[in-house]
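**Student:** A single structure is presented below for examination.
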Amino acid sequence: MTLLQIKDLSAFYGRTQALFNCSFDVSEGEFIALLGSNGAGKTTMLRALSGLLHFEGSIAYAGTSLGKVSPQRRLELGIAHIPQGRGTFTEFTVDENLSLGATIVTSRSQIKEDKERWYDAFPRLKERRDQLAGNLSGGEQQMLAVARALMSRPKLLMCDEPSLGLAPSITQEILTIFKTLHRDHGMTLLVVEQNVDITLQYADRAFVIEAGQIVASGTAVEMVNNEDIKKSYLGVAG
Ligand SMILES: Nc1ncnc2c1ncn2[C@@H]1O[C@H](COP(=O)(O)OP(=O)(O)OP(=O)(O)O)[C@@H](O)[C@H]1O
Ligand SMILES: [Mg+2]
């Protein structure tokens with residue numbers, strides 16, 4: 001089933017156009033990588049999807065047009081967005097950050113159950129549950145950002161450059177977590193990355209954005225073997 005259908009999407013910052021007629025579909029349960037260099041429009045795409053930016057064209061989620069749907073309602077529908085830079089509340093503890101993520105779950109017992117589930121999945125967060133988020137390492141903060149987003153029980157988890165500032169081994173750890181969420185929980189993932197070679201080891205399919213346009217798409221295997229992608233993003237002469 002198609003979960004997300006994006007058609008002729010254009011997005012704007014005031015009069016500046018940052019996305020130009022982008023179209024793509026995401027099926028339920030897919031792990032998609034959205035690739036591209038600095039300033040390409042990756043963050044803009046996620047902002048348009050979570051309702052933070054004016055757009056033209058259409059975005060349908062589970063068959064419903066998101067045109068007039070507020071960011072809060074999109075969260076309730078199961079769209080979670082982990083922003084670039086993580087957006088954790090540094091002056092709150094790990095546990096408080098998780099509570100703040102439980103925006104659409106109201107019963108205390110459900111929140112407790114969800115926290116325990118994600119503490120089991122992220123043992124390093126469990127050990128540090130009473131520490132201030134600001135005192136965590138970069139990798140731990142990224143894990144907290146993921147766990148906090150999971151507290152809203154998303155169907156579609158969007159994450160903007162999780163690898164930023166992290167060592168390759170930590171990036172792989174985070175991508176492994178996404179792969180597990182995808183495999184064991186059927187979650188649909190849209191992960192923005194510049195770390196192309198590592199991300200293509202985990203994603204099912206990828207789209208490349210350049211100057212606000214989708215310029216390439218294919219399965220991860222097709223992308224790895226695509227000469228243009230190799231030259232531009234994989235640092236390998238074709
Ligand atoms: N708040 C803003 N106001 C005006 N222009 C913006 C704003 N945010 C982004 N832009 C412009 O929109 C374009 C796309 O930016 P965007 O942040 O989506 O790129 P990106 O692919 O996420 O880049 P990066 O990898 O550096 O995060 C860029 O030309 C950028 O300068
Ligand atoms: Mg960005």
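The values are calculated or read from the model by the stated rules, or taken from the named source; none is laboratory data. None of the values given here were measured: they were computed from a predicted structure. All Cβ positions, glycine included, derive from the backbone under ideal geometry; neighbour counts span all protein chains shown. Side chains are part of the model used for accessible areas, which takes the heavy atoms of the whole protein and leaves out ligands, DNA and RNA. Shrake-Rupley method; radii C 1.70, N 1.55, O 1.52, S 1.80 Å.
**Student:** Of the accessible area of the chain, with the probe set at 1.4 angstrom, what percent is carbon plus sulfur?
**Tutor:** Details: 5300 of 10960 Å².
Ligands and nucleic acids excluded, carbon and sulfur give 48 percent.
**Student:** Something else about it: Mind checking the angle between helix 108-121 and the chain's longest principal axis? C-alpha axes, 0 to 90 degrees, to the nearest 10.
**Tutor:** On a 0 to 90 degree scale, this one is about 70.
**Student:** Compare the peptides 82-90, 224-232 by average per-residue count of other Cβ atoms within 10 angstrom and give them in order, highest first.
**Tutor:** Listed from highest to lowest mean packing, they are 82-90, 224-232.
**Student:** For residue 7, give me every one of the aspartates and glutamates with a C-alpha distance below 18 angstrom, ignoring sequence neighbours fewer than eight places off in its own chain.
**Tutor:** Candidates past the 8-residue exclusion: 25, 28, 56, 210.
**Student:** Now a separate question. To the nearest 10 square angstrom, how much accessible area does residue 12 have with a 1.4 angstrom probe?
**Tutor:** 40 Å²
**Student:** Give 42/115; 155/179; 115/179 a once-over and call out the pairs whose C-alpha atoms are over 24 Å from each other.
**Tutor:** Numbers: 42/115 30 Å; 155/179 14 Å; 115/179 20 Å.
Flagged as over cut-off: 42/115.
**Student:** Comparing 50, 58, 107, which has the greatest mean-square fluctuation in the GNM of the chain with Cα pairs linked when under 10 Å apart?
**Tutor:** Checking each option, the largest mean-square fluctuation is seen for 107.
**Student:** Moving to a separate point now. Explain nothing, just the number: relative contact order of segment 121-238, from Cα pairs under 8 Å at least 6 residues apart, as a whole percent. Write out the running numbers ahead of the final one.
**Tutor:** On the way: 108 pairs, mean separation 20.4, N = 118.
Relative CO of segment 121-238 lands at 17 percent.
**Student:** Which of these, 119, 61, 13, has the largest mean-square fluctuation under a Gaussian network model of the chain (Cα springs below 10 Å)?
**Tutor:** Its mean-square fluctuation being the largest, the pick is 13.
**Student:** Just to confirm, what accessible area per residue do you get for segment 115-234 at 1.4 Å probe, in whole Å²?
**Tutor:** Details: 5060 Å² over 120 residues.
On a per-residue basis, segment 115-234 sits at 42 Å².
**Student:** Just to confirm the number: angle between the C-alpha axis of helix 168-185 and the first principal axis of the chain, 0 to 90 degrees, nearest 10?
**Tutor:** Between helix and principal axis, roughly 80 degrees.
**Student:** For residue 230, which aspartates and glutamates qualify as cross-link partners when the Cα separation must be under 12 Å and same-chain residues fewer than eight apart are set aside?
**Tutor:** Hits, sequence-local ones excluded: 197, 222.
**Student:** Quickly estimate the mean residue ellipticity at 222 nm for the chain, helices only: each DSSP H run with n ≥ 4 gives -39500 (n - 2.57), and the total goes over all residues, rounded to 500. Don't skip to the end; give the middle numbers.
**Tutor:** On the way: 10 runs with 90 residues, N = 238.
The helix contribution divided over the chain gives -10500 deg cm²/dmol.
**Student:** When the gyration tensor of the chain is built from Cα positions, what are the square roots of 5 times its three eigenvalues, in whole Å, from largest to smallest? Each step should come with its number before you reach the end.
**Tutor:** Working: eigenvalues 160, 94, 51 Å².
The three semi-axes for the chain are 28, 22, 16 Å.
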